[in-house]
Amino acid sequence: MIKLFSIFSPLLLITLMTGMPMAAKVPTPAEPPEGVKIISIDEAHQLLYQKDVYVFDMRKELHYGKGHIPGAVSLTYKWTQKELHFNDRGELDMSRLPADKNAVIIFHGHGPEEWKSYYTSRAAKEAGYNNVMWLRDGYSTWANKGYAVER
């Protein structure tokens, strides 16, 4: 038994060590994609009640159902390669965005360590939307700040 442990323990250690970088959370860039404006929680709160402002929640529907920013629409971004979460290989239903390319659009996810809202805001800008905003701090900061939440 001890001999078996001495053979497999180095293999287990190597396996665990090589998997650690993949499991680590990688924060999104501090700067938004080109042509996208990064906004704070307070700025988003002020915009929320204005006309022609659309808020899209990029989290999974399960999380959206537990609570979301008032008026936000669930727009799930699905990774096409689950092991590569820090790339832009995902699926998004762009037809759910407003027809008006000048509408104010705000994208958010869980918080600053998620990439879905970053990639979605970039895709919207590339699709010709002119007022794309990225709420980098996301839902967790919104809720922690005590702003209204819908369920």
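Quick note: the coordinates plus some simple rules give every number you see, no bench work behind them. From a predicted model like this one, the values you see are computed outputs, not experimental measurements. Ideal geometry is used to build each Cβ from the backbone, glycine not excepted, and the neighbour counts take in all protein chains shown.
What's the exposure ranking of 51, 125, 60, 116, going from fewest to most Cβ atoms within 10 Å?
Ranked by crowding around the Cβ, least crowded first: 51, 60, 125, 116.
As an exercise, identify the chymotrypsin sites (Phe, Trp or Tyr not before Pro) in the range 24-58 lying in DSSP coil whose Cβ has no more than 12 other Cβ atoms within 10 Å.
Those satisfying the criteria are 49.
Tell me, in nm to one decimal, what length is gained between residue 102 and residue 73 on full extension, where the rule is 0.36 nm per residue of separation less the Cα-Cα distance?
The residue 102-residue 73 span can extend by a further 8.6 nm.
Once R0 is set to 35 Å, what does the formula 1/(1 + (r/R0)^6) return for the Cβ-Cβ distance between residue 95 and residue 51, expressed as a FRET efficiency to the nearest 0.05?
0.95
For residue 42 paired with residue 63, estimate the spin-label separation in nm (one decimal), with each label point 7 Å from Cα along the Cα-to-Cβ line.
With each label placed 7 Å out from Cα toward Cβ, I get 2.5 nm.
Quick one: of the DSSP bridges fully inside the range 24-144, what percent are antiparallel, nearest 5?
10
Among 141, 120, which comes first, then next, by fewest other beta-carbon atoms within 10 Å?
Fewest to most other Cβ atoms nearby, the residues stand as 141, 120.
Can you flag which of 37/101; 60/145; 66/125; 78/101; 60/116; 60/125 are past 20 Å Cα-Cα?
Over 20 Å apart, Cα to Cα: 60/145; 66/125; 78/101; 60/125.
Take 142, 79 and order them by how many other Cβ atoms sit within 10 Å, fewest up front.
The most exposed by this proxy come first: 79, 142.
List every residue whose amide H lies under 5 Å from the amide H of residue 149, counting only residues 5 or more places away in sequence or on a different chain, with H placed 1.01 Å from N in the peptide plane.
Sorted by chain and number, the residues that satisfy this come to none at all.
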